[in-house]
Amino acid sequence: MTGMPTATLTFVGARPSQALGLSVKVRATGTGIIVLAGPSSCGKGAVAEALSDTLQVPEENHISMGDALRSVIARAKDDGAFRSSMGERFGIHADRSVFNGEVTDASIVRKALAYSDELQGRFGAKPSQVDWLEFCVTSGLLVPDAWSEAILEGVIGETAAGASGIILLDGYPRTEVAARHVLALSERLDIPIIKVIHLSVSKREMHRRALGRKRQDDTPEMLERRYTFYVDHVQPAVELLKHELGSSVVALIDAHQPAYDDQGKLDVPASVRNVAKQVLMSLGVSRHILDHLGDWQ
């Protein structure tokens with residue numbers, strides 16, 4: 001892609017970092033987006049929180065696509081005015097049936113009809129486009145790209161730094177269409193993509209982690225669907241970014257780097273630190289600097 005903005009990222013010394021167990025932490029200065037991609041339950045959120053703390057990225061600049069979608073759904077349930085405004089904000093209408101091809105994109109109608117019994121069981125005879133959004137998120141289905149794009153731009157416009165500062169984009173893009181959207185958004189807003197962090201875990205490890213957290217939608221069937229989605233859609237999206245931005249911009253990081261305490265039990269915070277250290281090194285923080293920042297305990 002031509003005309004892409006140039007990425008800039010520098011590090012300056014700093015203060016204590018409780019998240020990573022460091023005696024001090026660095027501050028990232030510059031402008032750009034750090035993308036965190038990978039399968040469900042690979043630890044994107046935990047790694048993003050550790051990076052936010054260590055690099056002193058403002059909390060509002062950590063944008064989790066999953067959290068953003070869940071937040072929109074929760075707000076739509078609690079705030080009638082917001083629910084009514086979703087059509088104007090995001091092109092997702094509460095008063096339009098998702099089954100109506102005259103007001104809903106044909107591809108969405110076809111997919112919704114495949115789940116008509118489940119949809120109507122949950123939302124009644126005429127589920128709306130907003131209902132379909134909720135169904136997709138809670139069922140591990142792909143949210144229509146246009147809707148994800150609109151919500152992401154709304155979040156960046158309302159809460160993130162816009163055209164300045166470091167933005168951690170967690171869990172987006174998830175499709176090649178969304179990857180092209182991120183590239184176009186980067187160019188339009190003149191916010192460079194600094195790095196694409198591709199966190200990798202095996203399907204077996206993904207299942208183990210998800211079942212251990214005991215979330216209601218983490219059923220074996222749902223987890224299988226999510227991993228298939230990762231292989232079919234997320235991996236190609238990362239490959240597209242690599243092709244457009246260059247292979248040096250994409251870093252493949254093993255997200256399974258377990259650490260154990262003296263009793264042989266898994267030390268989750270230390271495990272996250274192991275992964276975060278590799279991510280920091282991929283961003284340009286040298287091993288020498290990390291070794292002198294403090295102990296990775």
So which residue, out of G212, G171, G284, gets the largest mean-square fluctuation from a GNM of the chain using Cα contacts under 10 Å as springs?
G212
What is the calculated FRET efficiency for K203 to D95, with r their C-beta to C-beta distance and R₀ = 35 Å, to the nearest 0.05?
0.30
Rounded to whole Hz and in sequence order, give me ³J(HN,Hα) for segment 27-33 from the Karplus expression 6.51 cos²θ - 1.76 cosθ + 1.60, θ = phi - 60°, writing x for Gly and Pro.
10, 7, 10, x, 10, x, 10
Counting only residues 5 or more apart in sequence or on a different chain, those whose built amide H sits under 5 Å from that of H93 are Q129, V130
How do L280, L9 line up, fewest other C-beta atoms within 10 Å first?
L9, L280
Out of F99, F11, F123, a Gaussian network model of the chain with alpha-carbon springs under 10 Å gives the largest mean-square fluctuation to F123
Looking at the square roots a ≥ b ≥ c of the eigenvalues of the Cα gyration tensor of segment 29-167, which shape do they give, rounded for a/c under 1.5, prolate if a/b is larger than b/c, or oblate?
prolate
Kindly write out, for segment 212-218 in residue order, the coupling ³J(HN,Hα) from the Karplus curve 6.51 cos²θ - 1.76 cosθ + 1.60 (θ = phi - 60°), rounded to whole Hz, with x marking Gly and Pro.
x, 8, 6, 8, 4, 8, 8
Would you mind checking which residues have amide H under 5 Å from Y115's amide H? H placed 1.01 Å from N; only 5 or more apart, or other chain.
none
Tell me, V177, V279, V98 in order of fewest to most beta-carbon neighbours within 10 Å?
V177, V279, V98
Three-way shape label, segment 156-221, alpha-carbon gyration tensor, a/c 1.5:
prolate
Between helix 176-189 and the chain: long-axis angle, C-alpha atoms, 0 to 90°, nearest 10
70 degrees
Amide H contacts under 5 Å for I253, restricted to residues at least 5 apart in sequence or on another chain and with H modeled in the peptide plane, are H198, L199, S200
Under a 10 Å cutoff between Cα atoms, tell me which one of G66, G264, G38 has the largest fluctuation in the Gaussian network model of the chain.
G264
Based on other C-beta atoms within 10 Å, arrange D67, D267, D232 from fewest to most.
D232, D67, D267
Just how far, in whole angstrom, is segment 198-242 from segment 31-55 if you go by their alpha carbon centroids?
16 Å
Computed ³J(HN,Hα) along segment 220-225: with the Karplus parameters 6.51/-1.76/1.60, θ = phi - 60°, integer Hz and x for glycine or proline, the list is x, 5, 5, 5, 4, 5
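Where a number appears in this text, it was derived from the coordinates with a stated rule and is not lab data. None of the values given here were measured: they were computed from a predicted structure. Cβ atoms come from the backbone with ideal geometry, glycine included; neighbour counts cover every protein chain shown.
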